[in-house]
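The values are calculated or read from the model by the stated rules, or taken from the named source; none is laboratory data. Just so it is clear, the model here is predicted, and its values are computed rather than measured. Every residue, glycine among them, receives a Cβ derived from its backbone with ideal geometry; neighbour counts consider all protein chains shown. In case anyone asks, the SASA skips ligands and DNA or RNA and just uses the protein heavy atoms, side chains included. Shrake-Rupley method; radii C 1.70, N 1.55, O 1.52, S 1.80 Å.
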Amino acid sequence: MLPRPSNIVKSQVFGLARLLDGQVDLSPAGRALIDAGCVHMPHARLVILGTSCASPLLRDEADQVGRLLGCDMLLLRCEAGQGIRLDVCLTHKDGWLQAYLPWCGNGELWLVPSEAALHPIEVAGGLFERVHFPFASAQARSAGLDAAHRALSDLARWSI
């Protein structure tokens, strides 16, 4: 059902899962998802799926996985020269939120949108859409994006 991701994409998925610091499903079904480049985090009601495909490819397949497991979805896109971007599908909303970036600051992880019209998402044992941003300035936004990039790079390196 899912195309096999490259080792680089898998390492980014597993790095993000480590950054979220939630329990990963290691049952036989969970291991089958891991083999397909997915990580199921049942306590957070979240699945992370990785791809090198451009948007909107793989959304239908991710929707099926999310519906099957009753979970929010993070579709990690690892495109050449673009870094990573996250498409988000929340179970209580219709459709996908596009082009989010991980942001770290004060021991917190957030997903911040590329478009100012969208709400940020706090990652705290699950995904929670908020109306306020975790930073007050463009400089703090940039510093948090850099911190998340460094953390993901370090974690992904250990996941290969």
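Among residues of the range 107-133 that are farther than 24 Å from GLY22 by Cα and of a type in the set (Gly, Ala, Ser), none has a beta-carbon under 6 Å from a residue that is assigned to a loop (DSSP other than H, G, I, E, B) and open to solvent by less than 40 Å² (accessible area, probe 1.4 Å) at least six positions away or on a different chain. Restricting the range 41-98 to residues that are over 13 Å from the mean Cα position of the chain (by Cα), hydroxyl-bearing (Ser, Thr, Tyr) and more than 20 Å from GLY22 (Cα to Cα), the residue that is modelled with the highest pLDDT is SER52.
Set side by side, the residues LEU16, LEU26 differ, and just one is open to solvent by 40 Å² or more (accessible area, probe 1.4 Å) and not aromatic (Phe, Trp, Tyr), which is LEU26.
Within the range 38-63, if we keep just the residues that are part of a strand (DSSP E or B) and under 21 Å from GLU122 (Cβ atoms), the residue that is most open to solvent (accessible area, probe 1.4 Å) turns out to be HIS40.
I'd like the full set of residues that are open to solvent by 40 Å² or more (accessible area, probe 1.4 Å) and not in a loop (DSSP other than H, G, I, E, B), limited to the range 64-82. Selection gives GLN64, ARG67, LEU68, LEU69, GLU79.
Being at negative phi, within 15 Å of the chain's Cα centre (by Cα) and either surrounded by fewer than 12 Cβ atoms within 10 Å (Cβ to Cβ) or not in a strand (DSSP E or B) (or both) narrows it down to one of LEU101, LEU152, LEU118, so name that one. Walk me through how you get there before you give the answer.
Working: LEU101 fails: either surrounded by fewer than 12 Cβ atoms within 10 Å (Cβ to Cβ) or not in a strand (DSSP E or B) (or both); LEU118 fails: within 15 Å of the chain's Cα centre (by Cα).
The conditions single out LEU152.
Being of a type in the set (Phe, Trp, Tyr) and more than 15 Å from the chain's Cα centre (by Cα) is not true of PHE128.
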